[in-house]
Amino acid sequence: MNRGPLIFFGILLTFATAWCGLVLVPHQQLGDLAPNVSEETGQSFPQARPGDAAQGARLYVSLGCVACHTQQVRPEDGGGDIARGWGSRRSVARDYLYDRPLQLGSQRLAPDLANYGERLGTNPPPYLHLYNPRAITAGSYCAANPFFFTLRAVTGAPAVDALRLPKGFEVASGWELVPTAEADQLMAYLRSLRFSVALPEAALKLVEENK
Amino acid sequence: MSQTGTIAKKDALAAHPPAPPWAELDASCQLPVLYFLLSGLAWLLVGTLLQFEAGIRLLCPDWCAVCPAMTYGRLVPAAENALVYGFASQMGLGIGLWLLVRLGRTPLVASGLIAAGNVLWNLALTVGILAILLGDGTGHAGLEMPAYSQWMLLAAYMFVGIWGVQTWAHHTSGPYYASQWFLLGAMFWFPWLLTTAQLVVVTFPGRGVLPAITGAWFAGGIQHLWLTPLALAAIYYFIPVITGRPLRNYHLAVVAFWSLALFGGWSGPARLIGGPVPAWIVSAGIVATVLLLIPVTIVALNTGPVLGSRLGQVCENQVLRFLAVAVFCFVLVSLGNALNALRFRAAVTHLSLNEWARGFAYFHGFVALTFLGAAYHVVPRLMRRDWPAPRLVSVHFWFTIVGLALVVIPAAVDGLRQGNELNDAAVPAVKIFDQLRSVFGWRVLGLALMSAGNLAFLTNFGWLLIRCWTPGIRSAVALFIDQSGKSVTAR
């Protein structure tokens with residue numbers, strides 16, 4: 001191999017195959033993917049996030065929650081995600097139409113959150129976990145985020161949304177911890193994480209409850 | 001003088017007679033190469049310390065919790081970017097430029113501009129890392145630095161790439177060596193990778209999962225078309241030069257190069273296995289990851305017999321030790337990656353610490369050890385002076401190896417348990433994650449050792465520079481004091 005131009009041409013060509021195959025063709029294939037409108041209910045899925053949840057998504061990205069929490073449900077033959085109750089079907093490309101940037105994740109040091117909103121149901125959102133995960137799960141190594149809460153003196157009746165702190169985490173009496181607007185946005189985002197809607201390319205699977 | 005003499009003699013042995021003017025060639029690239037190596041080393045220390053701090057945050061999550069800049073989720077991408085763009089890219093470029101000069105027997109073109117590119121590069125990177133820590137990261141996996149800093153990085157690269165390729169083209173002696181193919185490839189692929197990823201992922205992101213697909217292609221490209229060829233260029237030069245033996249089966253090296261060029265570009269999407277992307281994309285990635293065993297096998301066939309036949313020298317030589325462990329890690333991790341790309345294995349190991357451990361071993365074991373070993377060879381030649389503290393080189397080597405083992409082995413082993421238990425719905429998730437703590441403990445210990453090793457290298461480096469520059473500084477001071485007006489040569 002002693003011809004410079006030949007080496008150069010080969011270097012461009014080999015690279016171009018992968019560039020066409022993995023950049024151009026996927027854009028061709030998925031570039032015009034649109035939300036699915038259900039024939040039965042007439043509802044469109046997925047839907048863009050409302051303002052507060054979209055703001056929360058930015059906080060989620062900024063804090064790097066994706067370093068431990070994935071947002072993807074693998075198919076039944078490719079892992080135990082569905083059996084574990086992390087989703088009622090595998091995640092598909094259409095689920096992420098409004099996710100930008102994508103938070104798929106590459107490490108599972110903590111539970112998957114793709115369907116966290118579904119799991120949460122009508123329960124109150126996990127403000128306490130956001131404040132200090134150890135207040136709920138002893139031994140958790142998840143980061144505490146006290147900067148999302150304001151410590152203030154109780155004036156009159158305690159605030160409705162003040163944290164109810166367990167033993168060992170209390171603040172001084174006469175004081176209360178109140179979530180900031182950012183904490184509310186983050187919770188709105190977590191609540192919006194759900195894709196338990198059947199799609200033509202991914203039917204829902206019935207899952208036994210695993211507790 | 002005697003030290004300089006030893007180095008000149010070694011060089012003369014390594015070269016074909018008549019010996020080219022090494023001193024002149026080295027002088028032509030001294031400034032930029034030295035800049036790249038020194039700033040690369042500094043970023044290695046920064047990156048390892050950020051990884052160390054991230055490990056601490058897992059062990060003591062409540063410590064420093066009021067400071068969001070020190071949260072785990074920001075430390076991890078900050079560390080990765082510091083290591084890939086700060087350490088590996090800069091060290092690789094520094095050593096690559098030196099190799100282009102040596103192998104082409106031609107002085108470096110526009111070394112002043114390349115040095116300026118280095119300054120801009122470090123500026124871009126500092127801005128990018130600070131932005132991640134302060135919460136302005138993009139959130140795109142592998143491309144966390146904000147667009148403004150990435151474009152700056154690309155501009156800085158152009159200074160290096162354009163004049164680097166010019167130097168490559170000025171090559172004056174005989175056929176091109178394997179190292180030169182790898183360097184040319186890397187220098188072309190990197191700007192193409194970064195420009196595409198910047199445009200399609202960060203600046204004008206496509207809909208839905210498209211940025212993830214391009215991001216995976218980019219991550220595979222950075223690994224196999226940027227860091228790997230830079231490291232292999234060094235391996236293909238230093239092993240035969242230091243052992244004094246030609247590489248075995250050298251005619252196969254050309255196959256290694258072209259198969260790496262082809263399959264390296266396609267290998268990225270294997271990391272999306274099980275993800276929400278079309279199956280054919282993942283399948284292409286899996287096939288390419290398995291086929292990457294072709295260049296890996298050839299690298300083993302080229303270098304293995306040479307290293308094996310000089311085992312005594314490998315154990316004693318400061319540079320060869322690093323390179324031998326690097327080749328070992330390269331082969332082992334590539335085997336592991338090929339095996340775990342297969343769907344039935346990926347169902348267990350994907351997203352687990354086992355996968356993380358392989359990535360860590362590839363970077364810190366293969367890429368980093370290659371560049372560190374190469375730097376131990378290059379710097380004394382650039383400065384015409386041996387390392388002032390050879391013992392610190394051994395300290396660096398052993399601290400790094402032991403640290404690497406402490407980080408990688410527990411994570412690889414426990415990652416298998418983690419993956420298996422996550423697939424078993426009967427095991428509560430809390431219990432699975434809780435058991436990972438011991439791995440984090442080993443990780444912190446290992447990273448502390450590795451940081452100490454890197455500090456030993458920096459100390460040695462600083463000491464060498466001070467020794468080299470002391471006569472110059474002294475004579476300048478003497479000149480200033482007695483004002484005698486005698487002409488004093490600094491070197």
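Values quoted throughout were computed directly from the atomic coordinates according to the rules given, and no laboratory measurement underlies them. These numbers come from a predicted model, not from an experiment. A quick note on method: Cβ atoms are made from the backbone with ideal geometry, for glycine too, and the neighbour counts reach across all protein chains shown.
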query = What are the principal axis extents of the Cα atoms in the protein assembly as shown, in Å, biggest first?
reply = 86, 58, 43
request  = Provide, as a two-decimal number, the C-alpha radius of gyration of the stretch B:385-491 over 2.2 N^0.38 Å, N being how many residues it has.
outcome  = 1.95
note = The ³J(HN,Hα) series, computed from each phi in the stretch B:65-70 with the Karplus coefficients 6.51, -1.76 and 1.60 at θ = phi - 60°, rounded to the nearest Hz and given as x for glycine or proline, is 5, 5, 9, x, 5, 9
key: Residues with amide H under 5 Å from that of A:W175, placed H, sequence gap 5 or more   = A:V154
request  = Work through the residues other than B:I95 whose Cβ is under 15 Å from its Cβ and net out their charges, Lys, Arg +1 and Asp, Glu -1.
outcome  = +1
remark   = Working note, chain B: Cα radius of gyration (Å, one decimal) and Dmax (Å, whole number) are 22.8, 87
query = Working from the pairwise distances between different alpha carbons, so that the mean of 1/r is found and then inverted, what is the stretch A:1-118's Kirkwood radius in Å?
reply = 17.5
request  = Count charges around B:S309 for me, please; just the other residues with Cβ under 10 Å from its Cβ, Lys/Arg as +1, Asp/Glu as -1.
outcome  = +3
query = Quick one: what does P(r) look like for chain A with 10 Å bins over all Cα pairs, in whole %?
reply = 7, 26, 29, 18, 12, 6, 2, 1, 0
task = Take chain A, connect every pair of alpha-carbon atoms lying under 10 Å apart with a spring to form a Gaussian network, then pick out the residue of A:Y189, A:Y98, A:Y116 with the largest mean-square fluctuation.
result = A:Y98
task = Assuming 0.692 mPa s and 37 °C, estimate D for the stretch B:173-292 with Stokes-Einstein, Rh taken as the Kirkwood radius over Cα pairs, in µm²/s.
result = 212
query = Say R0 is 30 Å: what FRET efficiency, to the nearest 0.05, do A:F169 and B:K431 get from their beta-carbon distance?
reply = 0.85
key: Estimated vicinal HN-Hα couplings, Hz - the stretch B:249-259 in sequence order (Karplus 6.51, -1.76, 1.60; Gly, Pro = x)   = 6, 4, 4, 7, 4, 5, 5, 4, 5, 5, 6
remark   = Given the candidates A:G139, A:L163, A:L151, the one whose Cα lies deepest towards the positive end of the charge dipole of chain A, counting +1 at each Lys or Arg C-beta and -1 at each Asp or Glu C-beta, is A:G139
task = Evaluate Rg over Rh across the stretch B:22-174, taking Cα atoms for both radii and Kirkwood's formula for Rh.
result = 1.09
request  = Provide the per-residue ³J(HN,Hα) series for the stretch B:87-96, in order, calculated from phi with Karplus coefficients 6.51, -1.76, 1.60 and θ = phi - 60°, each as a whole number of Hz, with x at glycine and proline positions.
outcome  = 7, 5, 5, 6, 4, x, 5, x, 5, x
remark   = One finds the C-alpha centres of the stretch B:138-187 and the stretch B:347-394 to be spaced, in Å, by 20
task = Hey, can you grab everything whose amide H is under 5 Å from the amide H of A:L199? Only 5+ residues off in sequence or another chain; H modelled, so Pro and N-termini drop out.
result = A:L204
ask   = Using Cα pairs under 8 angstrom and six or more residues apart, how large is the relative contact order of the stretch B:22-174, in percent?
value = 31
task = Using just the helices of chain B, give the 222 nm mean residue ellipticity in deg cm²/dmol: DSSP H runs with n ≥ 4 each add -39,500 (n - 2.57), and the total is spread over all residues, rounded to 500.
result = -25000 deg cm²/dmol
ask   = Sorted by average packing, counted as other Cβ atoms within 10 angstrom per residue and highest first, what order do A:147-158, B:195-206 take?
value = B:195-206, A:147-158
inquiry  = Given a 10 angstrom Cα cut-off, can you work out which residue in A:A162, A:A83, A:A93 is the most mobile in a GNM of chain A?
reply    = A:A93
query = Near the amide H of A:T150, under 5 Å away, which other amide H atoms are found, from residues 5 or more places off or on another chain, if H is placed in the peptide plane?
reply = A:V178, A:T180
ask   = Any idea what the relative contact order of chain B is, in percent, if you count C-alpha pairs under 8 Å spaced at least 6 apart?
value = 15
ask   = Which semi-axes, in whole Å and largest first, does the equivalent ellipsoid of the stretch B:321-406 have when worked out from the alpha carbon gyration tensor as the square roots of 5 times its eigenvalues?
value = 33, 12, 8
